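Structure record follows, encoded as structure tokens.
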Amino acid sequence: VRASAVTSIALLLDAPQSHAVLRSLLPSLGNLIHDNIERVRLSVVKLLLRVKKIKGIKFYHVVPVDHLLARLAAERSNITTTRNKKVVTQDPAFNASSVAIALTDLLLNSYFPRGEHVTGADQIRRTLTFLTNHPDAATVFYSNISRQLSVNAVCKLAAMLLKCLCASVEADSQPNVHDNSNSSSGTMNTNKKSRTKKRKSSTILSEKSVSNDESSSTLSQDSNSDGETLSASNTSLMASIAETIYILWESLGPSIAEPENESCYNFLLDAFSGAVITDVHSHFEQKANAYLSDDNDQSINLLTDNEHALIRRDCHRTCAALLRCAGKMPPRSVQGLASHLSHKLSSLCKQDKNIRKVVNVSPHLALLCLWGKTDDVALSLARVISQAFECNGNTSFPFDSNSTISNDGVKTRRSARMSSSSERPISPITIPELTPDVALTVLGCILSGPDPSCVAARGSLLASRISCEVIENALGKAMFFADFILKSNTNRGGFTVEETEISLILSACESYGRLALHKEAMKSGPICLNDQAKTLLSWITEKLIPSLPTIAKDELVEQQKHHQEECSSPFAALDVSSISLGGSNLLSPVLPCSPIPKDGSRGISNMTTTPPDRRRSSSISFGLQDTEAPLYVKAGVVSLVKSAICIFSEWLAVGGIDGDEIDKHVTQWCTILDFEAMDVDISPRKELFPVFCRLVIQLARSNSSINVLRSILTKCDEIEAGSKEEAMLKKSISSTMTCGRGTDQAKQAKRVLLTIMDAGESLINESKIDYDESDLEVPEPFDNIFPQQNNSVAIAISSVVSSGVGSAALADILNDSFGQKTEHDSKNRRALEIYSLSLLSEKRPKGHAADIRRIIHNMDTNLIQKDSKMQAWVENIMEKVAA
């Protein structure tokens, strides 16, 4: 209705007589630009486009510019375009919604003026101002600008921004290196003359697009909106410029390779060739390293650690964007970059462990993948990971013969592949051998990272059968290695494991699950549990969880025998609280960063809100510390279970099926919640309760079994009032009940309620409370139905009756249950139903008074009269309803 109303008003604007009346009324429609429904937002933008053509009415008077830019930035995550199912994931900037495309058209003349008297310097000045003041909106704007401009204009803008970047580097280097500034400038422009002679067609384009007055010297003298000279010291702006250059090139898509655009492509190659990318990349890499190490520079010491981190992040963004641009060029066109990458990777392994954690080399490996070295990268990573789990050369290590990677087999496969594609030139790039922690960190970042570098590397690895196979086999060794540690811990055979190897096991198992998810998502059709995912499920169910009782018993014996002796357990004092679940809102139904769901990020594009930010990686980091009471293997098991639940929650979030199989296994994992807290900072329940609740939501959304909810309620039967657990449980119950629409939502609510009632009956049966004793007083307000003061089932039922959907579903269930009048009904079940009826009468007595009377009318009066306590409860409820 709102969309139709806005469209009708737009039609009225065709009549000039309506302008005087509508001029003062149109601003009242401005808030609809942020409507939840995309169709309404699109209608408002179309209205603004029509207003833009009318003299006397300004579109920015209808909707202020700040609101337009905020909406443009928000539309980045609102993807409605058709996706290629063969692509695992893409940068949301290149999958803009219809609203973003229309807003780009609306704001085009404001931020990218065109005309006979508009120079390139004017366009650059507007662009820099836009990037400085509104970087998020600018990202979406320039990703869609190719829909409004010609390929020629987009290439020209990218080349001018590159000149700005080079000029900024020169300006930043001049105060420190006066003599080398000219040589640096000369290096950035070498070899361009020879390439220009070979490409005469590109010369025509360059003469038309980039005039002499738009040289790098002119651009370096331009100022931003604050009047400051453009310099690389403004790392935030430099990162935005570099990312915009890549966005412009990427937005051209396949059109840049068409024959009619050959001159434009040659022009881009001419602008980016030589040592330009290498020099600029090296400059920002050195700047990031300067803020990473202890430096005597007074200006650096004046900054806080937070500012250091922001500068390093901006420098890494700049370097990553430049490497992505280099990936669109032949390796031989980028001078010195290949050797620079090899030196960077080899030197990283020699750095301190803390520095290796901060430095991200995923863009470097992504570039190698884009240059056709995907299998070489995969083989290098797999070889290092495989060697990390060799058990110190112990030949009795129980590896599966099918999962062992031999160097001979690798060489044979590689030679067969290379012989079949011998026509492809091999670039002289050597991939140094990384350390295991760096290799697993990089692989984990590639498999879970949302940035374009990780997306590119992930797509290349998944597209290669050999790469997937060798990495999968190497990661699979981690599970066998963990089995060996479990047995070694039990037998006390003198086997010791370094703390870094424990971290490697957990990281490898997480990457193993993510790789299985991505491999299945690459296929057409539904996302089913493949063999690798089933292996991970079965391994945790059959190996890890059953080992907990034995581990706990052994720990007690060891503590009694060696109370004062330090134990060398490999899993001592693991800090599993550092596992990230993507922000504080653990139960929000957000999607993982990748892969993209088969049906898009929203089920129906015009009927839901814009999705929130995508979930980050659930990567694991560890801090081991000395303790008098080691935690043994239990802490490691908690970490593995937590990581696996995160992965399978993402599996369901992207549209994966076989949720019943996941529910069956995870229900058995809930036994880990029975163990008491292992440490003040490490508790199975504290660590796993949020991820279990999140999985329940995803199971409900996929219409799968939710037996895990019953297990959670029975295992965590007592929850502290006002705690985070109580808030999480209430939110998970409310989210599971509101899945679906209309009749589907009502069915879902009943399904959740029946699961809660089953859990409550089970708890009452276990407590052995007999509700047939007539001498008991009537509990007020029915708190004694459960043995615990703040029971989980009571919290769940209270959360149910606080919503209209839950109250209606509970009324229907109670009406049907009491209407059956069977003599074999459990009295404990009847007591739980009457307790639920009491809560329903307290929470919503007015709206459901008729329902409550109908339920009581359908009660089996004979059964109630035999139990004086239940009869008193019913009379109490009737008094509340009558009041």
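Please list 23-30, 809-816 highest first by mean number of surrounding beta-carbon atoms within 10 Å per residue. The partial results should precede the final answer.
Numbers: 23-30: 14.0, 809-816: 20.2.
Put in order of decreasing packing, that is 809-816, 23-30.
Compute the distance from the alpha-carbon center of region 358-390 to that of region 697-757, in whole Å.
42 Å
What spacing in nm lies between the two simple spin-label points modelled at LEU11 and ARG126, each 7 Å away from Cα in the Cβ direction?
Placing both labels 7 Å along Cα→Cβ, they lie 3.4 nm apart.
Using a Förster distance of 56 angstrom, determine the FRET efficiency expected from the C-beta separation of SER150 and SER826, and round it to 0.05.
0.15
Quick check on packing: order 700-709, 31-40 by the mean number of other C-beta atoms within 10 Å, highest mean leading.
Packing order, densest peptide first, comes out as 700-709, 31-40.
Taking amide H positions as placed in the peptide plane 1.01 Å from N, state which residues far from ILE527 in sequence (5 or more) or on other chains have amide H under 5 Å from it.
Correct list: ILE657.
Can you flag which of LYS287/LYS357; LYS715/LYS750; LYS156/LYS519; LYS730/LYS750; LYS287/LYS353 are past 28 Å Cα-Cα?
Exceeds cut-off: LYS156/LYS519.
By how many nm would the segment from ASP674 to LYS543 grow when fully extended, if each residue of separation counts as 0.36 nm and the alpha-carbon distance is taken off? Please report the intermediate quantities before stating the final value.
On the way: separation 131, 0.36 × 131 = 47.16 nm, distance 1.76 nm.
Full extension from ASP674 to LYS543 adds 45.4 nm.
What is the gain in length, in nm to one decimal, between GLU307 and LEU754 on full extension, counting 0.36 nm per residue of separation less the C-alpha to C-alpha distance?
155.6 nm
Computed FRET efficiency, Cβ-Cβ of LYS357 and ALA746, R0 60 Å: what is it to the nearest 0.05? If you can, show how the numbers build up before the last one.
Working: r = 50 Å, r/R0 = 0.83.
That pair, LYS357 with ALA746, gives E of 0.75.
What full-extension length gain, to one decimal in nm, is calculated for VAL21 and CYS528 as 0.36 nm per residue of separation minus the Cα-Cα distance?
Full extension of this stretch gives 176.7 nm more.
Using 1/(1 + (r/R0)^6) with R0 = 51 angstrom and r between the beta carbons of ILE54 and ALA257, what's the FRET efficiency to the nearest 0.05?
0.80
In whole Å, what is the distance between the alpha-carbon centres of region 10-59 and region 98-138?
Distance between centres, Cα-based: 22 Å.
Given points 7 Å out from each Cα along the Cα-Cβ axis, report the ASP660 to GLU433 separation in nanometres with one decimal.
4.9 nm
Just so you know, all these numbers are worked out from the coordinates, no wet-lab data involved. What you are looking at is a predicted structure, and each value in this text was computed from that prediction instead of being measured. Please note: Cβ atoms are built from the backbone with ideal geometry, for glycine as well, and neighbour counts cover all protein chains shown.
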